[in-house]
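Worksheet: one structure, shown below.
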Amino acid sequence: MSAATMPRPDAVHVRAPGKINLRLRVGPVRRDGYHPLATVFQAVSLFEDVHARVADDISVSVSGRHAERVPTDERNLAHCAATLLADATGTSAGVHLHITKEVPVAGGMGGGSADAAATLLACDQLWGTGLDREELGHLAAELGADVPFALTGQTALGVGRGDMLTPALARGRYHWVLAVSETGLPTPEVFASLDASGTIPPNRRVSVPPSMMKALLTGEPSRLTSHLVNDLAEPAVHLRPHLTQVLAAFEGTDALATIVSGSGPTIAALAADHTAAVAIAEQVRRSRVADEVLVVHGPVPGARLTEQVRTDR
Ligand code: C5P
């Protein structure tokens with residue numbers, strides 16, 4: 001049976017990961033308000049689940065971590081993604097999207113971007129619009145700078161706004177401890193605070209050194225530590241001074257290095273292995289400086305279809 005004659009599912013389930021930025025270098029603000037980035041993304045094992053089912057119009061519901069802080073109307077990035085795909089393909093079909101959140105909201109881990117990426121893939125299946133990964137990638141970039149990465153996952157170098165991706169050859173599995181805050185940080189505020197600090201020279205060019213790509217090839221966490229830098233760390237800490245205490249809580253532990261994830265306020269600490277990560281998490285939990293402490297690993301795949309359901313109509 002060809003793809004065109006295959007019966008379409010009535011419901012699909014797509015899962016997409018959150019991310020941390022192993023390196024995030026920021027250049028001077030561009031005319032369009034975006035900053036040129038040189039970043040290395042790693043997708044980690046915190047997932048957004050999107051259950052999509054055929055409906056008359058486009059609607060969204062949300063459950064899971066921090067769900068009460070997520071809008072369900074047109075401001076929701078998953079809603080935007082469904083609308084964009086419908087407009088781009090001229091389809092009049094609708095969808096109900098139920099999002100189950102694991103990625104902290106406004107936590108610097110690309111949760112909304114994961115929802116958008118998962119929705120593009122889910123609606124493409126549900127509506128039979130048949131776009132390939134490259135076409136979905138173009139729509140993803142229209143939705144936000146981090147959305148293309150949520151489609152591809154794994155470990156990747158990102159330039160431009162962070163949306164021009166090159167897969168990175170990374171060996172092994174990295175173990176991270178995440179210190180999560182209940183209160184999020186809006187990304188534009190963090191970039192604006194960096195601009196206001198005047199610390200980016202107007203002619204600054206940003207890049208990722210080849211030595212970092214080599215370190216990723218070894219699969220040894222200890223080789224990565226000197227490359228873990230984030231230009232958004234200072235502005236994030238400036239906006240949330242409490243993060244100083246969270247960072248300090250990792251100091252007495254076996255964490256190999258600690259970074260602010262993306263635009264924060266999530267803090268990510270690299271551990272030597274899973275056992276070390278569990279021990280570090282326990283110590284940081286006891287210090288009571290973070291609202292929640294999680295152990296995750298990376299890299300993991302990008303958005304993928306996990307289930308299709310067809311009921312007889
Ligand atoms: O693309 P996205 O909507 O996720 O970006 C959110 C905001 O983050 C942008 O409006 C911009 O203020 C900031 N941003 C930036 N430069 C980037 C990516 C994001 O200034 N490369």
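The values are calculated or read from the model by the stated rules, or taken from the named source; none is laboratory data. Bear in mind that the values here come from a model prediction, so they are computed numbers and not experimental data. Glycine gets a Cβ as well: all are built from the backbone with ideal geometry, and neighbour counts include every protein chain shown. Ligands, DNA and RNA are stripped out before the accessible areas are found, and what is left, the full protein with its side chains, is counted by its heavy atoms. Shrake-Rupley method; radii C 1.70, N 1.55, O 1.52, S 1.80 Å.
Computed values, structure above
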| quantity | calculated |
| --- | --- |
| Whichever residue in the stretch 123-151 is in contact (Cβ under 8 Å) with a residue 40 or more places away in the chain and away from the ligand (no atom under 16 Å from the Cβ) and, among such residues, is surrounded by the most Cβ atoms within 10 Å (Cβ to Cβ) | 123 |
| Lone unmet requirement of (1) more than 24 Å from residue 232 (Cβ to Cβ); (2) in contact (Cβ under 8 Å) with a residue 40 or more places away in the chain; (3) open to solvent by less than 40 Å² (accessible area, probe 1.4 Å); (4) not basic (Lys, Arg) for residue 89 | (3) |
| Selection count, the stretch 72-103, where residues are modelled with pLDDT under 95 and either within 23 Å of residue 189 (Cα to Cα) or hydrophobic (A, V, I, L, M, F, W, C) (or both) | 1 |
| Residue list for the stretch 184-229, restricted to those being of a type in the set (D, E, K, R), more than 16 Å from the ligand (Cβ to nearest atom) and under 20 Å from residue 160 (Cβ atoms) | none |
| Residue within the stretch 45-54 that is within 16 Å of the ligand (Cβ to nearest atom), in contact with a strand residue (DSSP E or B) (Cβ under 6 Å, 6 or more places away or on another chain) and within 30 Å of residue 198 (Cα to Cα) present | no |
| Residue count for the stretch 158-174, restricted to those that are at pLDDT 95 or above, open to solvent by less than 60 Å² (accessible area, probe 1.4 Å) and part of a loop (DSSP other than H, G, I, E, B) | 5 |
| Tally, over the stretch 192-202, of residues that are surrounded by 14 or more Cβ atoms within 10 Å (Cβ to Cβ) and part of a loop (DSSP other than H, G, I, E, B) | 1 |
| Residues within the stretch 104-122 that are among the aliphatic types (A, V, I, L, M), out of contact with any strand residue (DSSP E or B) (no Cβ under 6 Å at 6 or more places or on another chain) and more than 11 Å from the ligand (Cβ to nearest atom), tallied | 2 |
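Results for (1) of a type in the set (Asp, Glu); (2) assigned to a helix (DSSP H, G or I); (3) outside the structural domain of residue 139 (by TED's automatic domain parsing); (4) open to solvent by less than 50 Å² (accessible area, probe 1.4 Å), shown as yes or no for each residue.
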position: 41; (1), (2), (3), (4): no, no, no, yes
position: 51; (1), (2), (3), (4): no, no, no, no
position: 72; (1), (2), (3), (4): no, no, no, no
position: 78; (1), (2), (3), (4): no, yes, no, yes
position: 85; (1), (2), (3), (4): no, yes, no, yes
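Yes or no, residue by residue, for (1) part of a loop (DSSP other than H, G, I, E, B); (2) more than 28 Å from residue 140 (Cα to Cα); (3) out of contact with any helix residue (DSSP H, G or I) (no Cβ under 8 Å at 6 or more places or on another chain); (4) of a type in the set (Lys, Arg):
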{"position": "178", "(1), (2), (3), (4)": "no, no, yes, no"}
{"position": "183", "(1), (2), (3), (4)": "yes, no, yes, no"}
{"position": "190", "(1), (2), (3), (4)": "no, no, no, no"}
{"position": "205", "(1), (2), (3), (4)": "yes, no, yes, yes"}
{"position": "223", "(1), (2), (3), (4)": "no, yes, no, yes"}
{"position": "238", "(1), (2), (3), (4)": "no, yes, no, no"}
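Let's see how each residue does on (1) over 15 Å from the mean Cα position of the chain (by Cα); (2) away from the ligand (no atom under 16 Å from the Cβ):
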site: 18; (1), (2): no, no
site: 32; (1), (2): yes, no
site: 59; (1), (2): yes, yes
site: 74; (1), (2): yes, no
site: 82; (1), (2): yes, yes
